[in-house]
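The block underneath contains the structure these notes are about, expressed in structure tokens.
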């Protein structure tokens, strides 16, 4: 796998997350993904994205377990 820099731009972050740039911009507008602006450009810290993805994964697993218990 390619090495990713600690601070990524939209193109790099979309490739890292496996989503299109359009989808990533949509998530930014909806405040669904952690990012910050440097000047007028979005930037993403790899470590923050990693923690965010782990949290998203844990939330999804918790939802699945709750649905299974209700069934």
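The values are calculated or read from the model by the stated rules, or taken from the named source; none is laboratory data. This structure is a prediction, so every number in the text was calculated from the model and none was measured. Virtual Cβ from ideal backbone geometry, glycine too; neighbours counted across all protein chains shown.
Just give me the residues in region 28-41 being out of contact with any helix residue (DSSP H, G or I) (no Cβ under 7 Å at 6 or more places or on another chain), closer than 20 Å to residue 59 by Cβ and surrounded by fewer than 16 Cβ atoms within 10 Å (Cβ to Cβ), in sequence order. It would help to see each step written out before you state the result.
Narrowing region 28-41 to residues out of contact with any helix residue (DSSP H, G or I) (no Cβ under 7 Å at 6 or more places or on another chain): 28-32, 36-41.
If we keep only those that are closer than 20 Å to residue 59 by Cβ as well, we get 28, 30-32.
Within region 28-41, 30, 31, 32 meet the criteria.
Step by step: first the residues of region 2-14, then only those that are free of Cβ contacts under 8 Å to residues at least 24 places away in the same chain and in contact with a helix residue (DSSP H, G or I) (Cβ under 9 Å, 6 or more places away or on another chain), then the one that is surrounded by the most Cβ atoms within 10 Å (Cβ to Cβ). Which residue is that? Quick ask: steps written out before the conclusion?
Pass one, region 2-14, residues free of Cβ contacts under 8 Å to residues at least 24 places away in the same chain: 2-3, 11, 14.
In the following step, the residues that additionally are in contact with a helix residue (DSSP H, G or I) (Cβ under 9 Å, 6 or more places away or on another chain) were identified as 2, 11, 14.
Numbers: 2: 6, 11: 10, 14: 19.
Here the answer is 14.
Please name all residue pairs, on different chains or six or more residues apart, with Cβ atoms under 8 Å, provided the first residue is in region 50-71 and is on the phi < 0 side of the Ramachandran plot and at pLDDT 90 or above and the second residue is surrounded by 10 or more Cβ atoms within 10 Å (Cβ to Cβ) and assigned to a helix (DSSP H, G or I).
53/17
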